[in-house]
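The values are calculated or read from the model by the stated rules, or taken from the named source; none is laboratory data. This one's a predicted model, so the numbers in the text were calculated from it and none came from an experiment. Backbone-built Cβ (ideal geometry, glycine too); neighbour counts: all protein chains shown.
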Amino acid sequence: MSTQTHDHVEPAHDDQHGPAKGLTRWLFTTNHKDIGTLYLLFALVMLFVGGAMAMVIRLELFQPGLQFVNPDFYNQMVTMHALIMIFGMIMPAFVGFANWMIPLMIGAPDMALPRLNNWSFWILPFASGILLSTLFMEGGGPAGGWTLYPPLSLQAGNSFPFTIFAIHLLGMSSILGSINIIVTIMNMRAPGMSLLKMPLFVWTWLITAYLLIAAMPVLAGGVTMLLTDQFFGTTFFNAAGGGDPVLFQHIFWFFGHPEVYIIILPAFGIVSQIIPTFSRKPLFGYAAMVYATASIGFLSFIVWAHHMFTVGMPLAGQMFFMLSTMLIAIPTAVKIFNWTATMWRGSLTFETPMLFALAFLFLFTIGGFSGLMLAIAPADFQYHDTYFVVAHFHYVLVPGALFGAIAGAYFWLPKWTGHMYDETLGKIHFWLTAISVNVTFFPQHFLGLAGMPRRIPDYATQFADWNMISSIGSFGKLGGVVLFAYIVFKTIRGGAKATAQVWDQPEGLEWTVPSPAPYHTFDEAPVVK
Amino acid sequence: VTEAAQIEEQRRRARRVALLLGAVALCTYLGFILAIGLRR
């Protein structure tokens, strides 16, 4: 890693100004910090919306039989929970981190294309609004799962074109945001900040942004073809007209698997900033971490069909996708071992960001191992479409991606707000969340191995006990989310003053500016040695 | 070169690369649909 020196200089230009007053500040802002805040607050709101849907699901599954909702609405909740959490919550959250931190980390005064940045954000609430509005349409919202497989997804009611439109808009927002991130990193770095001196968070986002630009248009193409099949008489995915529904699965997962890494790589980046800080050591194997991230990005494009072993693909295809999937374990293990080696003989302290980063390390690894189990083609025939898969991807996405985001929020909240968060409440939040996440998702492995299918509102009585435990865990998780929102707003409103460095000798340009970071930073480029 | 001029030059380069990346994304989108459509 690089060492940097920077004496913060107050803006010398007379065209520097503070934020506008009132609502216009947020509507028309081109400031990366404002837009980062908007993304993060939007993600927090969506966490509650998607979380409420998860609560409906877990309430219904608390006991066997139909208690609260009818099966069709249950399917809508399953579908919308996934779409909202992925496109409305976790992706915007990481774009929020990127907006706030990348310019600060590379010594740039702002994103390269500030107006495009504003537009990228403001597409999001409208797209999410359109998606949510489908729940109130005749026939309800999409209910065929977030994978939108035809012909099931084509049986939706009036909501179908709105869902497709919303997905296009959400994808457009992501692509525009990614373009902005790439050109910012490639063009706006401070003098002396070579690529291999960039913080790992910046590296992971650079690779993520390329993945997004490569993967998102493929999803857009796929759902456009769904739309033309439904309304314009094409038969891309209709066997009656010479099409093939399995083709959609290939297209979807060609997007869908890189999407998994799009979600997790920024979390890797955040953890790579936190572990060295609280170990008081530089990151072990910086260059290896960069190359491992790039390898994961590349491999993510050649593993997609492990999601569809059961469609009847040739044995050679199964072998290829099984082995290529297992190959991802190698660069991922490089990361896990390097984080562990960073902590080795470090002066460790366990503040809340470090606790979440450590939980990420342990629990994401569990998700990774169950992924390896699913990658074994013959075994996957047993696991496919069971709750084992649900357990696997929730271990990757919740204690993986979401814990990474929460760790990052605690880590940088003092820099954003100028106040320290309440450490006691932070630790209570950590333990409540870490315990409840495991109580929720670990039993789902047992349910899946015992044969409980996913996406069903009712189940056989032998699955009752573990489902009840899983639901109880999810209620604890809801408490954790409410507590987190309380801590965030309490920190925004006040608390002990944060210093510029916030933590003990952290490394990076972001810690050279005061806390809270001034509205305009790095009007004069810092010196990076 | 003043600081402001340097930043403006960086932004100009960024706009050119952004247009290129946008074109790549659009071509992937349309090319994908056309490639599959024409194959059938």
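To keep it simple, each residue is scored yes or no on (1) surrounded by fewer than 19 Cβ atoms within 10 Å (Cβ to Cβ); (2) free of Cβ contacts under 8 Å to residues at least 40 places away in the same chain; (3) out of contact with any helix residue (DSSP H, G or I) (no Cβ under 8 Å at 6 or more places or on another chain); (4) hydrophobic (A, V, I, L, M, F, W, C).
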{"residue": "A:192", "(1), (2), (3), (4)": "yes, no, yes, no"}
{"residue": "A:201", "(1), (2), (3), (4)": "no, no, no, yes"}
{"residue": "A:249", "(1), (2), (3), (4)": "no, no, no, no"}
{"residue": "A:259", "(1), (2), (3), (4)": "no, no, no, no"}
{"residue": "A:262", "(1), (2), (3), (4)": "no, no, no, yes"}
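Please count how many residues of region A:137-162 are in contact (Cβ under 8 Å) with a residue 60 or more places away in the chain and in contact with a Leu (Cβ under 9 Å, 6 or more places away or on another chain).
So the answer is 12.
What do you reckon, is residue A:184 hydroxyl-bearing (Ser, Thr, Tyr), over 30 Å from residue A:289 (Cα atoms) and within 11 Å of chain B (Cβ to nearest Cβ)?
So residue A:184 fails the test.
Could you tell me whether residue A:334 is at pLDDT 95 or above, within 28 Å of residue A:471 (Cβ to Cβ) and of a type in the set (Val, Ile, Thr)?
Criteria not met by residue A:334.
Sort out which residues of region B:16-28 are closer than 23 Å to residue A:115 by Cβ, surrounded by 14 or more Cβ atoms within 10 Å (Cβ to Cβ) and not hydrophobic (A, V, I, L, M, F, W, C), and write them in order of number.
B:22
Restricting the search to region A:192-236, which residues are more than 26 Å from the chain's Cα centre (by Cα) and either within 9 Å of another protein chain (Cβ to nearest Cβ) or closer than 30 Å to residue A:287 by Cα (or both)?
Across region A:192-236, the qualifying residues are A:192, A:193, A:194, A:225, A:228, A:234, A:235, A:236.
Scanning for something over 27 Å from the mean Cα position of the chain (by Cα) and within 30 Å of residue B:10 (Cα to Cα), does region A:503-513 turn up at least one residue?
Scanning region A:503-513 turns up at least one residue that is over 27 Å from the mean Cα position of the chain (by Cα) and within 30 Å of residue B:10 (Cα to Cα).
Scan region A:489-529 for residues that are within 14 Å of another protein chain (Cβ to nearest Cβ) and assigned to a loop (DSSP other than H, G, I, E, B) and jot them down.
A:520, A:521, A:522, A:523, A:524, A:525, A:526
Give region A:189-218 a look and list any residue that's touching a His at 6+ places or on another chain (Cβ under 9 Å) and either in a helix (DSSP H, G or I) or at pLDDT 95 or above (or both), or say none.
If the condition is that a residue be touching a His at 6+ places or on another chain (Cβ under 9 Å) and either in a helix (DSSP H, G or I) or at pLDDT 95 or above (or both), then A:215 is the only one that fits.
Restricting to region B:10-40, what's the tally of residues that are closer than 13 Å to residue A:186 by Cα and not β-branched (Val, Ile, Thr)?
9
Residue A:165 - would you say it is free of Cβ contacts under 8 Å to residues at least 40 places away in the same chain, away from chain B (no Cβ under 11 Å) and of a type in the set (Phe, Trp, Tyr)?
yes
How many residues, within region A:237-247, are crowded, with 23+ Cβ neighbours inside 10 Å and within 27 Å of the chain's Cα centre (by Cα)?
Here the count works out to 0.
Looking at region B:10-21, which of its residues are of a type in the set (Lys, Arg) and more than 8 Å from chain A (Cβ to nearest Cβ)?
Across region B:10-21, the qualifying residues are B:12, B:16.
Is there any pair linking a residue in region A:211-227 that is within 14 Å of residue B:24 (Cα to Cα) to one that is acidic (Asp, Glu), with Cβ under 8 Å and at least six apart or on different chains, and which?
Pairs found: A:215/A:259.
Residue-wise test of (1) more than 30 Å from residue A:243 (Cβ to Cβ); (2) in a helix (DSSP H, G or I); (3) more than 7 Å from chain A (Cβ to nearest Cβ).
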| position | (1), (2), (3) |
| --- | --- |
| B:8 | yes, yes, yes |
| B:23 | no, yes, yes |
| B:29 | no, yes, no |
| B:35 | no, yes, yes |
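Here is a check on your reading of the model: is residue A:161 more than 14 Å from residue A:223 (Cβ to Cβ) and either modelled with pLDDT of 95 or more or surrounded by fewer than 21 Cβ atoms within 10 Å (Cβ to Cβ) (or both)?
Criteria not met by residue A:161.
Here is a yes/no grid of residues against (1) more than 14 Å from chain B (Cβ to nearest Cβ); (2) over 14 Å from residue A:45 (Cα atoms); (3) buried (at least 24 other Cβ atoms within 10 Å of the Cβ):
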{"site": "A:88", "(1), (2), (3)": "yes, no, yes"}
{"site": "A:102", "(1), (2), (3)": "no, yes, yes"}
{"site": "A:105", "(1), (2), (3)": "yes, yes, yes"}
{"site": "A:122", "(1), (2), (3)": "yes, yes, no"}
